[in-house]
Amino acid sequence: MSTAAPRVVTLKIDNKDCGAREDQSILDVARENGIEIPTLCFLDGLTGWGACRLCLVELKGSPKLLPACTTRVAEGMQVVTDSPRLKKYRQTILEMLFAERNHVCSVCVSNGHCELQAMAQKCGVDHVHMPYRYPKLEVDSSNDLFRLDHNRCILCTRCVRVCDEIEGAHTWDVKGRGIEAAVITDLNMPWGESQSCTACGKCVQVCPTGALSQKGTAVAEMHKRRQFLPYLTHMRRSHT
Ligand code: FES
């Protein structure tokens, strides 16, 4: 097995010359260079997943838009992170997320404490131009401590990844495809009956909306402590 250190590559992001290791993502390098790219499913310390597509960027010479969180840098790349086209795509993605489930900010317990809402404000989404689907989705209150409201889930899979990569329990997963997709515990049993859940609450900590919450606590009162993630990820990797 090769133990060679990753090569250093040079690239341009928004016309800024950047140096990077070849195993870094465009998002990593952009952030290191003070260039902000909108993200929702990405969370520092967890593996990039490419679920929300909000971090799409343009690459000179490529007709395709690429997710910055899962695309590795390469020598000579020329990346554009902000353009009228990207702005339009990001707004449309956010509108689709709102329309897909029951995100009604004015009556939501997460109002003012929701990353989806904050991102919509940041990206200038003040209307949803497509019909809401208003699906009839369940709320799972079977766990003694926590609650899962599918109506507010955006399928970012942060809960799945933190449970697998940090807690090592892999209680969470995703079933189904497209609009039928949903997060599940164990083999799609009520959360309260899960044999693998350690009730550590990490999934609740990383949820960007109010889909996962602590019972008896308003989302505004929950203290999200995500700074532990990069540290735990580093410790885990250094032991493998
Ligand atoms: S942040 Fe890159 S796809 Fe979600």
### Query
Taking the stated definitions as given, is Ile13 among the aliphatic types (A, V, I, L, M), under 16 Å from Met119 (Cβ atoms) and either surrounded by 14 or more Cβ atoms within 10 Å (Cβ to Cβ) or not assigned by TED's automatic domain parsing to the domain that holds His113 (or both)?
no
### Task
Could you check, for the range 190-205, whether at least one of its residues is aromatic (Phe, Trp, Tyr) and over 19 Å from the mean Cα position of the chain (by Cα)?
yes
### Pairs where the first residue, in the range 125-146, is assigned by TED's automatic domain parsing to the domain that holds Trp172 and the second is assigned to a loop (DSSP other than H, G, I, E, B) and aliphatic (A, V, I, L, M), C-beta under 8 Å, 6+ apart
Asn143/Ala199; Asp144/Ala199; Leu145/Ala199; Phe146/Ala199
#### Entry: Top-ranked residue of the range 39-55 - restricted to ones that are within 9 Å of the chain's Cα centre (by Cα) and of a type outside the set (A, V, I, L, M, F, W, C), ranked as farthest from the ligand (Cβ to nearest atom)
Gly48
#### Entry: Top-ranked residue of the range 90-113 - restricted to ones that are open to solvent by 50 Å² or more (accessible area, probe 1.4 Å) and assigned to a loop (DSSP other than H, G, I, E, B), ranked as modelled with the lowest pLDDT
Val109
### Task
Could you pull out the residue among Val160, Val139 that is in contact with a strand residue (DSSP E or B) (Cβ under 6 Å, 6 or more places away or on another chain), hydrophobic (A, V, I, L, M, F, W, C) and open to solvent by 60 Å² or more (accessible area, probe 1.4 Å)?
Val139
## Note on the structure
Of the residues in the range 114-124, those that are surrounded by 14 or more Cβ atoms within 10 Å (Cβ to Cβ) and either out of contact with any Asp or Glu (no Cβ under 9 Å at 6 or more places or on another chain) or outside the structural domain of Thr209 (by TED's automatic domain parsing) (or both) come to Cys114, Glu115, Leu116, Gln117, Met119, Cys123
#### Entry: Which listed residue, of Ala20, Ala30, Ala74, is more than 30 Å from Glu138 (Cβ to Cβ), open to solvent by less than 70 Å² (accessible area, probe 1.4 Å) and in a helix (DSSP H, G or I)
Ala30
### Query
Quick check, is Glu36 away from the ligand (no atom under 11 Å from the Cβ), not assigned by TED's automatic domain parsing to the domain that holds Arg177 and not in a loop (DSSP other than H, G, I, E, B)?
no
### Task
Given the conditions (1) assigned by TED's automatic domain parsing to the domain that holds Cys203; (2) within 12 Å of the ligand (Cβ to nearest atom); (3) open to solvent by 20 Å² or more (accessible area, probe 1.4 Å); (4) of a type in the set (A, V, I, L, M), report the number of the one that Leu66 does not fulfil.
(1)
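The values are calculated or read from the model by the stated rules, or taken from the named source; none is laboratory data. As the structure is a prediction and not an experimental result, all values here were calculated from the model. Reconstructed Cβ throughout: ideal geometry from the backbone, glycine too, with neighbour counts over all protein chains shown. The accessibility values were calculated without ligands, DNA or RNA, using every heavy atom of the protein model including side chains. Shrake-Rupley method; radii C 1.70, N 1.55, O 1.52, S 1.80 Å.
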